[in-house]
Amino acid sequence: MDFTYDDEQQALREAVRGLLASAYADHETRRRTAASADGFDRGLWGRLAEMGILGLPFSEDDGGVGAGPVEIGIVCQELGRVLAPEPYLAGVVHAGGLVAAVGSPEQKADLLGRLSAGEVVLAAADTSPGGRWSARADGVRASADGGSWTLDGVADPVVGGGAADVLVVTAALPGGDGAGTGVFLVDASAAAVTAYAAADLTRAASVRFDGSAATPLGEPARDLSASIATISDLTRIMGANQALGVMQSQVRATTDYLKSRKQFGVTLNTFQALTFRAADMYVELQLAHSMVDWATMTIAGGDPAVVADAADRVGLQVSRAGRHIGQEAIQLHGGIGMTAEYAVGVGTAHLEVLDQWLGNGPHHLRRLAERVDDHGLVEAL
Amino acid sequence: MQLELSPADAEFRNRMRELFTTVVPQEIRDTVLEGRHLTRDQIVESQRALNAEGLAVPHWPVEWGGQDWTDLQRHLWHEEMQRAGVPTPLAFNASMIGPVLAHFGTQEQKERFLPATANLDIWWSQGFSEPDAGSDLAGLRTSAVRDGDDWVVNGQKTWTTLGQHGDWIFTLVRTDTEVKKQAGISMLLVDMSSPGVEVRPIELIDGGHEVNEVWFSDVRVPGDLIVGEPGAGWTIAKFLLGNERVGVAPVGATKRALATLKTTAAAQLEDPLVRARVAELENELLALELTALRVVAHSSDGEPHPASSVLKLRGTELQQAVSELALDLAGPASLAARADDDSPQEGWARRAAPTYLNLRKASIYGGSNEIQRQIISRTILGL
Ligand SMILES: Cc1cc2nc3c(=O)[nH]c(=O)nc-3n(C[C@H](O)[C@H](O)[C@H](O)COP(=O)(O)OP(=O)(O)OC[C@H]3O[C@@H](n4cnc5c(N)ncnc54)[C@H](O)[C@@H]3O)c2cc1C
């Protein structure tokens, strides 16, 4: 049992932190980048590819680096610290994860190789309008005609969808309710993609399929909902890592602000009512940190049931902590916390975007509550 | 980073699990597991049984009965002990005065007191707080004036937990009124059977008698019973209070209480709201346990050590929250708190209200939760 990074992990963190710090040293750059058509910085994306960051989750056979969950978590935390709008979680962890989980060897080698090299951008289309965190597709239907497949329907929100070259789509298989859900590749040009900005200004899209040509990932017509659920769980855990990075920055920014902002002739940290609230933010941060590290480590064991449990546990904790820390960060900054030009408010928006995209607090709590009599004590180890 | 315990630590844990369920009598463990009151004799018997196996004071120097364990092993020892329903060794002895004497005591004091303290041959009480000196401990007024070789003590202590059982009391006394208030404090060891020591009970809101006032009227204390130099009391007290907070987050016991509640109040587990409250508490306890593990694994991530204040603060909040849940589940049955033993209401439900009321103390003593927030905001966040 060990919660410390080894030397290589430390070095990875320093390298990613250094690169991101130079890219997003001031928050204004982040705002401009997020507001651009792509919604992220292609130059920075290329540098991440060169550093091997985009290929971290994928095996060397598939053109990746074959790193473990802890390394990917480190990258997500660093992206969160500076609120980088790059679609790492959506395009690499989630969409790439689906390809890695269910693609044929040829599909994986081709697509993941190009993804790792920064040559192709992916997005996962797995949510129907009004849908809520389900591995079952109900917004998009697949049809087969001989060997060729087409998709019809709508996926929304598709995070990072506007800039994607290839969409990784979950769709109901032909044959009615019992047939299950398959995963398909669709060239973005074969679908109608309407991009928009989410509350944190990162980009998502509405994607309409209208007889769009699709290629089944892996073996055609097989129900893949179990793999889809597991990849969502993994993405949830990595999303929690990203949220941790955001919360760390928010606690630091708030503490710095309390020490420097003067009102009534003294700095705000003179007022105990405020320092106590900062202390409570710190407590929440530490508890969330522990849970994030733990959940990340459970992935290495490879048991989907354990990962699913960890995803719910970290999802609930981070959701609660994110609300608390995000709201307090704005409140303790006063008016400046409300402005778009200041990182704290956008950070709070980003925490909510992560939650509502990947699974919010009540959702995870409901799943945990369903299982409450499966065990006596909850065991950490 | 790695989740599993090393094979050596896993074996250590299994050994603890095995020992704790065999060394201490089942009847004592059942008393703890069911949340009933332990008698003085049971506490003594249990600690002696642990001490015989080298399990009572593992964090002391090896020379005085300690085990050269890692922080993680001590954590496992503590968790397994709570899990098995073994009463934790008397904190005043094992976590407070023992480590203080081992660190600051003279060789004579160590030889005289440490073995007896480990074995609970001496029952210690903690005489720090006074009516006008609680959180602001340095404001204490009980005085000790030198007379020949002796000190003569006058004043009043309060909130002395289990002082009715105490053989000896370690006190903070003012030995110098001329200097800054922290600098004029010393620590004295006082035999509670000395003439002039009087212990008066205080009844608490749960109806129980666990705290007392201790009055000193011209109590003579031999000069060799001062710990450290005159005026060193504040430094020693800070050392002691630091230890007091470590391990004060009763994660294991709270987890066990919640698990027990799931079976005793099983019928109500059908209620989705109850399930949600249980699931929430389980999650928060897991986060706290993992934080304790992060602390013992020295993974402070370059930040100041989050350490004991987070654990004390949240640990006591969760301990209280589980007692609130128990009270809500008991409902009307909880009114039978002070009914006779032939009450038709179940024991856990009858104990729910007194337990809830009693546990309000957890966020007050050992440095109130407000003081913990102060420590976090000042020491860790630099505010
Ligand atoms: C059941 C029980 C057992 C105890 N056992 C012992 C024992 O064995 N030996 C012993 O010596 N003592 C013991 N204590 C005493 C305990 O340590 C004190 O009660 C505690 O330090 C608080 O002091 P106080 O009660 O005087 O409250 P006060 O210090 O008067 O505090 C009142 C309230 O104000 C808050 N407060 C105080 N100062 C500040 C500040 N600077 N900033 C913000 N808030 C503040 C407190 O948190 C509290 O909420 C025990 C107490 C209890 C309740």
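If you take the residues of segment B:95-136 that are of a type in the set (Gly, Ala, Ser), within 14 Å of the ligand (Cβ to nearest atom) and out of contact with any helix residue (DSSP H, G or I) (no Cβ under 6 Å at 6 or more places or on another chain), which of them is farthest from the other protein chains (Cβ to nearest Cβ)?
B:GLY127
Return yes when A:ALA195 is at pLDDT 95 or above and either closer than 30 Å to A:ALA349 by Cα or out of contact with any strand residue (DSSP E or B) (no Cβ under 8 Å at 6 or more places or on another chain) (or both) and no when it is not.
yes
Of B:ASN93, B:ASN51, which residue is in contact (Cβ under 8 Å) with a residue 24 or more places away in the chain, out of contact with any Asp or Glu (no Cβ under 8 Å at 6 or more places or on another chain) and under 17 Å from B:ASP167 (Cα atoms)?
Only one candidate passes the filter, namely B:ASN93.
Which members of segment B:157-173 meet the condition of being more than 7 Å from the ligand (Cβ to nearest atom) and of a type in the set (Val, Ile, Thr)?
Of everything in segment B:157-173, those that are more than 7 Å from the ligand (Cβ to nearest atom) and of a type in the set (Val, Ile, Thr) turn out to be B:THR158, B:ILE169, B:THR171, B:VAL173.
Output yes when any residue across segment B:335-357 is farther than 29 Å from A:TYR257 by Cα, assigned to a loop (DSSP other than H, G, I, E, B), within 8 Å of the ligand (Cβ to nearest atom) and not assigned by the TED database to the domain that holds B:PHE128, and no when none is.
no
Out of all the residues in segment B:321-335, is one or more among the β-branched types (Val, Ile, Thr) and without any contact (Cβ under 8 Å) to a residue 40 or more places away in the chain?
Checking segment B:321-335: not a single residue is among the β-branched types (Val, Ile, Thr) and without any contact (Cβ under 8 Å) to a residue 40 or more places away in the chain.
Can you name the residue in segment A:297-307 that is surrounded by fewer than 20 Cβ atoms within 10 Å (Cβ to Cβ) and among the aliphatic types (A, V, I, L, M) and, of all such residues, is nearest to the other protein chains (Cβ to nearest Cβ)?
A:ALA300
Considering (1) more than 8 Å from chain B (Cβ to nearest Cβ); (2) farther than 30 Å from A:ASP26 by Cα; (3) in a helix (DSSP H, G or I), say which one A:MET247 fails and leave the rest.
(2)
Answer yes if at least one residue in segment B:137-156 is more than 13 Å from B:VAL214 (Cα to Cα), more than 14 Å from chain A (Cβ to nearest Cβ), touching a residue at least 60 places away in the same chain (Cβ under 8 Å) and near the ligand (Cβ under 10 Å from one of its atoms), and no otherwise.
Scanning segment B:137-156, I find at least one residue that is more than 13 Å from B:VAL214 (Cα to Cα), more than 14 Å from chain A (Cβ to nearest Cβ), touching a residue at least 60 places away in the same chain (Cβ under 8 Å) and near the ligand (Cβ under 10 Å from one of its atoms), so the answer is yes.
For segment A:250-266, what are the residues that are farther than 19 Å from A:HIS27 by Cα and surrounded by 12 or more Cβ atoms within 10 Å (Cβ to Cβ)?
A:LEU258, A:LYS259, A:ARG261
Given the conditions (1) buried (at least 17 other Cβ atoms within 10 Å of the Cβ); (2) modelled with pLDDT of 95 or more, which single one is not true for B:SER308?
Of (1) buried (at least 17 other Cβ atoms within 10 Å of the Cβ); (2) modelled with pLDDT of 95 or more, only one is false for B:SER308: (2).
Being surrounded by 15 or more Cβ atoms within 10 Å (Cβ to Cβ) and either in a helix (DSSP H, G or I) or touching a strand residue (DSSP E or B) at 6+ places or on another chain (Cβ under 8 Å) (or both) is the filter here, so list the residues in segment A:271-284 that pass it.
A:LEU274, A:THR275, A:PHE276, A:ARG277, A:ALA278, A:ALA279, A:ASP280, A:MET281, A:TYR282, A:VAL283, A:GLU284 - these are the residues of segment A:271-284 that are surrounded by 15 or more Cβ atoms within 10 Å (Cβ to Cβ) and either in a helix (DSSP H, G or I) or touching a strand residue (DSSP E or B) at 6+ places or on another chain (Cβ under 8 Å) (or both).
Name the single residue, out of those in segment A:253-296 being among the charged types (D, E, K, R) and within 30 Å of A:PRO57 (Cα to Cα), that is farthest from the other protein chains (Cβ to nearest Cβ).
The selected residue is A:GLU284.
List every residue pair whose Cβ atoms lie under 7 Å apart, where the two residues are 6 or more positions apart in sequence or sit on different chains, the first residue falls within segment B:360-383 and is within 22 Å of B:ALA133 (Cα to Cα), and the second residue, located anywhere, is within 8 Å of the ligand (Cβ to nearest atom) and not small (Gly, Ala, Ser).
Correct list of pairs: B:SER363/B:ASN369; B:ARG373/A:PHE276.
For segment B:270-287, give me each residue that is within 22 Å of B:GLY35 (Cα to Cα) and either in contact (Cβ under 8 Å) with a residue 60 or more places away in the chain or in contact with a Lys or Arg (Cβ under 6 Å, 6 or more places away or on another chain) (or both).
Result: B:LEU285, single match.
Could you say whether any residue in segment A:349-368 is within 11 Å of another protein chain (Cβ to nearest Cβ), assigned to a helix (DSSP H, G or I) and within 18 Å of the chain's Cα centre (by Cα)?
Within segment A:349-368, one or more residues are within 11 Å of another protein chain (Cβ to nearest Cβ), assigned to a helix (DSSP H, G or I) and within 18 Å of the chain's Cα centre (by Cα).
The values are calculated or read from the model by the stated rules, or taken from the named source; none is laboratory data. Model, not experiment: these values are computed from the prediction. Positions of Cβ are backbone-derived with ideal geometry, glycine not excepted, and every protein chain shown enters the neighbour counts.
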